[in-house]
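The values are calculated or read from the model by the stated rules, or taken from the named source; none is laboratory data. On a predicted model such as this, the values are computed, not experimentally measured, just so you know. Heads up, the Cβs are rebuilt from the backbone with ideal geometry, glycines too, and the neighbour counts pull from every protein chain shown. The protein model used for the area step is the full one, side chains on, heavy atoms only, and it has no ligands, DNA or RNA in it. Shrake-Rupley method; radii C 1.70, N 1.55, O 1.52, S 1.80 Å.
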Amino acid sequence: MHVVPGLKVLYFGTPVVLISSLNEDGTANLAPMSSAWWLGQSCMLGLGNSAQTTANLLREGECVLNLPSSTMVDAVDRIALTTGKPAVPDHKAKQGYRYVPDKFSTAQLTAQASDLVRAPRVAECPVQLECRVVSAHPFGGPEPRATAFEVEVLRAHVEEDLVIPGTHYVDPLGWDPLIMKFCEFFGGGRNVHPSRLAEGWNMPHQLRSTPV
C-alpha cells in the first residue's frame, strides 16, 4: 500500500560532488553538493542562490567537479555545514552553517592545479572533471531560490586503477562513490558516517554507521 507522506526532501540517492571554484578575490572555494546528474559530456547542477558557489559559477563561468570515494566521507563531512560566504545567510546560520575561508584546509584536502580551468582540483578525489558553464537557469517558483547550471566537461581525470585496461571506461566494480540519500552518507549500500547535514536539517533518522 502506498501512502502520501508529503516528503520534505527528495534526495533519493545521488553521488556527492565537491565543487571547486574561484572566489572574487582569486582564492579557492570548495563545496559539497549532491544535486547533479550527467548525460554525455554534460552535467546539470542544482545550487541554492544563497551559496558562494552559485555566485562563483555565475561570475567565473567554470569549476571542477571532484567526485570523492566513500572512503573520503570524513573530509566531506568536515565542510558539510560551512559556507564560503562571509555574511552567512540567516536560514543557513539557523541550521548551523559557519563561514570558512579556506575549506581545503578544513577538509584536510589538497588543491591541485587544473589543466584547462583556473579552479583547482581536489588531489585526493579519484575522479576530477574540469568544466565550463554553458547556461544557468533560475528555478523554484516565482521568486527562484535555486539555479540549474548546465556545464560541459572539458577534461576528465581518473585514477589509473579505476580505468579498465585498454579501454576508455571506468570499472564500475572498482569505483565506489560516496552517495547521499536523504542527507545521509552511503557507500557500497551501507551508511558509512554520521552526517552533520542531517543534523542541521533535523532529519528524523536513527542510523548506525558501518565503518568502511
At 7 Å along the Cα-to-beta-carbon direction for both L39 and K8, put a label point, then send me their distance in nm to one decimal. 3.2 nm
Checking L173, L30, L67 against a Gaussian network model of the chain (alpha-carbon springs below 10 Å), the top fluctuating residue turns out to be L173
Go ahead and collect, in residue order, the members of segment 162-198 whose backbone nitrogen is under 20 Å from a label point 7 Å along the Cα-Cβ direction of A123. 162
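Rolling a 1.4 Å sphere over the protein heavy atoms, what is the accessible area per residue of the chain, to the nearest Å²?
Numbers: 11610 Å² over 212 residues.
Value for the chain: 55 Å² per residue.
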Given a Förster distance of 25 Å, report the FRET efficiency between L58 and R98 from their Cβ-Cβ distance, rounded to the nearest 0.05. 0.60
Sites A148 and L173, calculated FRET efficiency, Cβ-Cβ separation with R0 41 Å, nearest 0.05: 0.80
Could you work out how far the C-alpha centroid of segment 1-63 sits from that of segment 130-209, in angstrom? 9 Å
Please report the Cα spread of segment 155-203 along all three principal axes, rounded to whole Å, starting with the longest. 47, 24, 13
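Which shape class, rounded, prolate or oblate, goes with the chain when its Cα gyration tensor gives a ≥ b ≥ c as root eigenvalues, a/c under 1.5 marks rounded, and past that a/b bigger than b/c marks prolate? Please list the in-between numbers first.
Working: a/c = 1.36, a/b = 1.07, b/c = 1.27.
In terms of gyration-tensor shape, rounded.
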Please report Rg (one decimal) and Dmax (integer) in Å for the Cα set of segment 8-53. 12.3, 37
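Loop only per DSSP, at most 11 neighbouring Cβ atoms within 10 Å: give me the GluC sites (Glu not before Pro) in segment 20-124, ordered by residue number. Could the numbers behind the result be given before it?
Numbers: sites: E24, E60, E62, E124; in loops: E24, E124.
For GluC sites (Glu not before Pro) across segment 20-124 that sit outside H, G, I, E and B with at most 11 neighbouring Cβ atoms in 10 Å, the list reads E24.
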